[in-house]
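Below is one structure, written out as structure tokens, with a few remarks after it.
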Amino acid sequence: MVGINHGRVSGVIVNGEGKIIRNERLPDDEGSDEMLDVLVKDQAFVLDWLAQRNADSGHLLGSHLDLARIGAYGHSIGGATSLQLQRQDARIRAAINLDGTVYGDLSQPWSKPFLILASERPTDPSYLAIMKLQRNVGSSEVLAGFGHGDFSDVKFYVEQYNRNNPVKKGLDPEMFFSVRGEDALRLVREKTRVFFRTAVK
């Protein structure tokens, strides 16, 4: 498994040269076709980097990666990126989108396996468009008690903190709904494992 923190979309990160990159995007950047295009290119760059290291017998990763069975997975704009990367890059065999509005071109058929796990917020129009164009390879499911933030591990750690501290941390009720943090993580992990076991083989 390889995790990607996209500069200026994730929190503060330190790149390979030691440079600190802060989340400096404009409020509208995250929800745009332009931002999605940048993120898709970022992920393709990482795939290229992994392929180069896998081909290098002297590298730690040399010959250890199965690059014939790659799945993409992400939350929010990361989930939208995973879906679009899957459609644009032949190396991606399947993708999971955790509650991310899908930007970019939605007009072409979707021909590879994908899964959309959605929160209880109103149905996203981009999901409806994708489901109409998919070729019996995609599925979507609304998870009861999930808000947009419940697909992250934030609630799990806040609940852990609140058990051991007299001053409690709160969560935004518009982002976090009724599911317990531990239950949310378990359910998403289970659904992810089941999907990728069959879709990336």
Inset, instruction - Give the stretch 79-92 a look and list any residue that's surrounded by 24 or more Cβ atoms within 10 Å (Cβ to Cβ) and either among the charged types (D, E, K, R) or without any contact (Cβ under 8 Å) to a residue 40 or more places away in the chain (or both), or say none. - result: Gly79, Ser82, Gln86
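Residue by residue through the stretch 168-201, note down the ones that are among the hydrophobic types (A, V, I, L, M, F, W, C) and part of a helix (DSSP H, G or I).
First, the residues of the stretch 168-201 that are among the hydrophobic types (A, V, I, L, M, F, W, C): 171, 175-177, 179, 184-185, 187-188, 194-196, 199-200.
Within the stretch 168-201, Ala184, Leu185, Leu187, Val188, Val194, Phe195, Phe196, Ala199 meet the criteria.
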Inset, instruction - Among the residues of the stretch 116-125, count how many are closer than 11 Å to Gly79 by Cβ and touching a residue at least 40 places away in the same chain (Cβ under 8 Å). - result: 1
Inset, instruction - Considering each residue of the stretch 31-75, count those that are touching a helix residue (DSSP H, G or I) at 6+ places or on another chain (Cβ under 7 Å), among the small types (Gly, Ala, Ser) and under 21 Å from Thr192 (Cα atoms), and give that number. - result: 3
Inset, instruction - Please find, within the stretch 93-121, the residue that is nearest to Leu67 (Cα to Cα) out of those that are of a type in the set (Lys, Arg) and buried (at least 16 other Cβ atoms within 10 Å of the Cβ). - result: Arg93
Inset, instruction - With the condition kept exactly as written, say whether any residue in the stretch 144-167 is open to solvent by less than 60 Å² (accessible area, probe 1.4 Å) and at positive phi. - result: yes
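Criterion first (modelled with pLDDT of 95 or more and either under 19 Å from the mean Cα position of the chain (by Cα) or under 17 Å from Leu98 (Cα atoms) (or both)) does Leu187 satisfy it?
For Leu187, the condition - modelled with pLDDT of 95 or more and either under 19 Å from the mean Cα position of the chain (by Cα) or under 17 Å from Leu98 (Cα atoms) (or both) - is met.
For (1) out of contact with any strand residue (DSSP E or B) (no Cβ under 7 Å at 6 or more places or on another chain); (2) not small (Gly, Ala, Ser), each residue gets a yes or a no:
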| site | (1), (2) |
| --- | --- |
| Gly11 | yes, no |
| Gly18 | yes, no |
| Trp49 | yes, yes |
| Gly78 | yes, no |
| Leu98 | no, yes |
| Ser107 | yes, no |
| Leu115 | no, yes |
Legend entry - Residue check for Glu182: of a type outside the set (S, T, N, Q) and either open to solvent by 90 Å² or more (accessible area, probe 1.4 Å) or more than 17 Å from Gly100 (Cβ to Cβ) (or both): yes
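The values are calculated or read from the model by the stated rules, or taken from the named source; none is laboratory data. Keep in mind the model is a prediction, meaning the values are calculated, not measured. In this analysis, Cβ positions are derived from the backbone assuming ideal geometry, glycine residues included, and neighbour counts consider all displayed protein chains. Protein only, heavy atoms only, side chains kept; ligands, DNA and RNA dropped before computing areas. Shrake-Rupley method; radii C 1.70, N 1.55, O 1.52, S 1.80 Å.
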